[in-house]
Structures are given as structure tokens and as C-alpha cells.
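Asker: Sharing a structure, written as C-alpha cells. Questions coming.
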Amino acid sequence: MRERLTGTYYEPFLGGGAVFFRLRPAKAVLSDINPELINTYRIVRNSVEEIVPLLKRMAVNKRNYNRLRRAEPESPIQRAVRFLYLNRTAFGGIYRLNLRGEFNVPYGGGERKPNILWERPLLKNAADALATADIRVTDFEAMIDLAKAGDVVYCDPTYTVAHDNNGFIRYNEKNFSWADQHRLACSAHRASQRGVGVIISNANHRTIRKLYPGARILVAERPSLVSCDVSKRRSVEELFILL
Ligand SMILES: C[S@@+](CC[C@H](N)C(=O)[O-])C[C@H]1O[C@@H](n2cnc3c(N)ncnc32)[C@H](O)[C@@H]1O
């Protein structure tokens, strides 16, 4: 796919950027609505040598974790260090904010540690992959609207809080509402009409399929590993919608 992609690759729900880091396209516009996440990617790209020693210095224990969870550092580097430390030491690596916008995932117990980030050259590799990427904090719609004929957009929206293969799905109205699903479908159709290749991963549910009439739809199964409740970690079906 990398060879066939001659235009720009857009990933407007970047999160952990699994597809971007796998593809490593030559031209990429990466974005997410989460400013802490995007700040971290920018710092990894621009200042990876500075953050590794800062991370190495931080002991992994509940006291440090809770202190950092409460902290609101101002410098972009310290914010990125906080983000990476919390991401590597939080329960299940989950990212969740409460209604006041505060990170509220409990300590993971010390099993997950940041060491992997430098013991394997993960941050350095990420910095290399991000070197030429345009990285922005923004809502997805403005980014999809930028894409032109020959570009490819991959969308992996936040879509549910409960994922049930038996036909019931609960939308997370705060994080990604049903109105957002409509906005996504409309901007995807507009982009497709301009000659943009659009791929969307989403829940396998009839309400979602109805938003994409005429699209090619593939069904895939994957393990769901991020629920706090171990009994809810099971296999879920997802759609790949190709426009
Ligand atoms: C399911 S995750 C993406 C996971 C990603 N594919 C990966 O490999 O980790 C969805 C992402 O969409 C972001 N997001 C939610 N609402 C958004 C919006 N309106 N515009 C842009 N990004 C949004 C979230 O912050 C989150 O990082």
C-alpha cells in the first residue's frame, strides 16, 4: 500500500497511530482532538533525546503516579513526560478523563513500566517516522475536508462505550456522539466524491452500515483488551468501510 500511496495520508483520529506507524507514508497529516496526545507526538518528534533521561529518572510507584496524575505542568516537554509516564503505568494503559477533564485512570500496579520506550528504540523509531509529518490538534472534519484526489484518509473514531455483537450499542455521547457519526459519514462521502480514498473502521452494527450506502464493507474480528472489567475483554467484530 505504501508504494501505491502517491498522495498524502491523513489519519484524523490518530490515537496510538498503529496504521500510520505500520505504513510510514512519505507524506502524512496526523491529527487528533486530544491536545496532550498531539503535544506528546510533537515532543517525541522534535526532542526525543531530551525526554528519555527525564523519563528514566522517574521511579514507577503509586505515589509518583498519583502525584503526576494531579500535576499540570506548563512546559510542553514536561507535559509529554507526564503523558508518557501515565500512559505506560496506568491500569491497562487506558486513557480516560472525568467530566472536569482530569485524567482519572488508577495506577496499574507496576506491571507496565516506561522502560520499554528506551530499552527497545520505540521513541527513537517513532521520532523517525514522524519526522516529516504534519501533526495537528483538531476535530476530524476539518482534516477530512483538506484531502484531495489521490490522497487517502484512514478514520478510526472513538465510537462506543459498550460493544455488543448482538445488536445493541451504546454511544459515548460525550466523547463521540451519534451526531459525530453522521458528520463523519457526510465528510467521508464528500471526500470520496472528490476522489479521495477513505477507509473507516467502526463497530459492526446496522446503524453504522446504514450511514454508508454503496460502500464496500469488510467485517473483521479482533480481541477487545481495554475494558477495566476483564469479563468484557472478548472478541468484537468491526467493520472496514471503503469509500
Ligand atoms: C479509537 S482511537 C484511535 C486509535 C488509533 N487508531 C490507534 O492506533 O491507537 C480514537 C481517537 O479519536 C480521537 N477523537 C475523538 N473525537 C475526535 C474528534 N471529534 N476529532 C478528532 N479526533 C477525535 C480520540 O482522542 C482518540 O485518540
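The values are calculated or read from the model by the stated rules, or taken from the named source; none is laboratory data. Computed from a predicted structure; not experimentally measured. Note that each Cβ is placed from the backbone with ideal geometry, even for glycine, and that neighbours are counted across all protein chains shown.
Asker: List the residue pairs whose Cβ atoms are under 9 Å apart, where the first residue sits in segment 73-85 and is within 17 Å of Leu117 (Cα to Cα) and touching a residue at least 12 places away in the same chain (Cβ under 8 Å), the second is in a helix (DSSP H, G or I) and among the small types (Gly, Ala, Ser), and the two are 6 or more positions apart or on different chains.
Answerer: Once the first residue is within 17 Å of Leu117 (Cα to Cα) and touching a residue at least 12 places away in the same chain (Cβ under 8 Å) and sits in segment 73-85, its partners that are in a helix (DSSP H, G or I) and among the small types (Gly, Ala, Ser) give Ile77/Ser47; Ala80/Ser47.
Asker: Another one. Being assigned by TED's automatic domain parsing to the domain that holds Phe176 and part of a loop (DSSP other than H, G, I, E, B) is the requirement here; does Ala149 meet it?
Answerer: yes
Asker: Can you find, within segment 161-180, the residue that is modelled with the highest pLDDT among those that are surrounded by 18 or more Cβ atoms within 10 Å (Cβ to Cβ) and more than 9 Å from the ligand (Cβ to nearest atom)? Before you say what the answer is, go through the steps one by one.
Answerer: Step one: filter segment 161-180 for residues surrounded by 18 or more Cβ atoms within 10 Å (Cβ to Cβ), giving 163, 169, 171, 176, 180.
Those still in the list that are more than 9 Å from the ligand (Cβ to nearest atom) too: 163, 169, 171.
Values: His163: 50, Ile169: 55, Tyr171: 52.
Going through the qualifying residues, I end up with Ile169.
Asker: Of Ser75, Ser47, which residue is surrounded by fewer than 20 Cβ atoms within 10 Å (Cβ to Cβ), of a type in the set (Ser, Thr, Tyr) and at pLDDT 95 or above?
Answerer: Ser75
Asker: List the helices (runs of 4 or more DSSP H) that sit entirely inside segment 1-102 and contain at least 1 residues that are within 16 Å of the ligand (Cβ to nearest atom) and in contact with a Lys or Arg (Cβ under 8 Å, 6 or more places away or on another chain).
Answerer: Of the helices (runs of 4 or more DSSP H) lying wholly inside segment 1-102, those with at least 1 residues that are within 16 Å of the ligand (Cβ to nearest atom) and in contact with a Lys or Arg (Cβ under 8 Å, 6 or more places away or on another chain) span 18-23, 35-56, 76-89.
Asker: Filter segment 55-72 down to the residues that are surrounded by fewer than 16 Cβ atoms within 10 Å (Cβ to Cβ) and of a type outside the set (Gly, Ala, Ser) and list them by number.
Answerer: Hits for segment 55-72 are Lys56, Arg57, Asn61, Lys62, Arg63, Asn64, Asn66, Arg67, Arg70, Glu72.
Asker: Another question about this same structure. Does segment 87-98 include one or more residues that are exposed (fewer than 12 other Cβ atoms within 10 Å of the Cβ) and at pLDDT below 95?
Answerer: Looking through segment 87-98, at least one residue is exposed (fewer than 12 other Cβ atoms within 10 Å of the Cβ) and at pLDDT below 95.
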